[in-house]
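Inspection log for the structure reproduced underneath, given as structure tokens.
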Amino acid sequence: MGLFKKQKAADINYLELTPYRKYTHESRDEDTINVLVPRFNDKILGKIFQPKLKNPYIKANFDKLGTSVWLEIDGQTSVDNIIMKVKDKLGEEVNPAYERVTMFLSQLHRNGFIDFHEFNKG
């Protein structure tokens, strides 16, 4: 059964995937944001340790490219369209756009910041 899942995932075109955010964000300045990652995913640990901490979130600082990509992730726009919008906004600054943006989205997914609707169907 595991082999079937791997074959099915390999058939998916990454550019057709639709990412959605799992965390919220706050503006840091006009070009960048901080993504707010909860310190504790475990409710029991959160109840024990959170009252001793000032902030319930860890702030992940995004640069201009990361911010542009993050703000385009709305749960309805495909990876291909996100890349096109980021290219329109940042121009030559983002080249090679497809490689950089897909690598960034892969890192976000691997670290649990985003997920893809297509992976959660069925």
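The values are calculated or read from the model by the stated rules, or taken from the named source; none is laboratory data. Predicted model, so just to flag it, every value in this text is computed and none were measured. Cβ: placed from backbone, ideal geometry, glycine included. Neighbour counts: every protein chain shown.
Take the residues in region 108-122 that are within 18 Å of Ile12 (Cβ to Cβ) and under 11 Å from the mean Cα position of the chain (by Cα); name whichever of them is surrounded by the fewest Cβ atoms within 10 Å (Cβ to Cβ).
Going residue by residue through region 108-122, those that are within 18 Å of Ile12 (Cβ to Cβ) are 108-110, 114-122.
Among the residues that remain, those that are also under 11 Å from the mean Cα position of the chain (by Cα) are: 108-110, 114-116.
Numbers: Leu108: 23, His109: 16, Arg110: 9, Ile114: 21, Asp115: 17, Phe116: 19.
Top of the filtered list is Arg110.
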Residue, farthest from Leu17 (Cα to Cα), within region 106-122, restricted to residues that are in contact with a helix residue (DSSP H, G or I) (Cβ under 9 Å, 6 or more places away or on another chain) and not in a loop (DSSP other than H, G, I, E, B): Leu108
For region 10-23, give me each residue that is surrounded by 12 or more Cβ atoms within 10 Å (Cβ to Cβ) and either in contact with a Cys (Cβ under 9 Å, 6 or more places away or on another chain) or over 15 Å from Ile82 (Cα atoms) (or both). Ile12, Lys22, Tyr23
Can you tell me which residue among Met84, Met103 is assigned to a helix (DSSP H, G or I), of a type outside the set (Asp, Glu), free of Cβ contacts under 8 Å to residues at least 24 places away in the same chain and exposed (fewer than 12 other Cβ atoms within 10 Å of the Cβ)? Met103
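Might you let me know whether region 36-53 holds any residue that is among the charged types (D, E, K, R) and modelled with pLDDT of 90 or more?
No, region 36-53 contains no residue that is among the charged types (D, E, K, R) and modelled with pLDDT of 90 or more.
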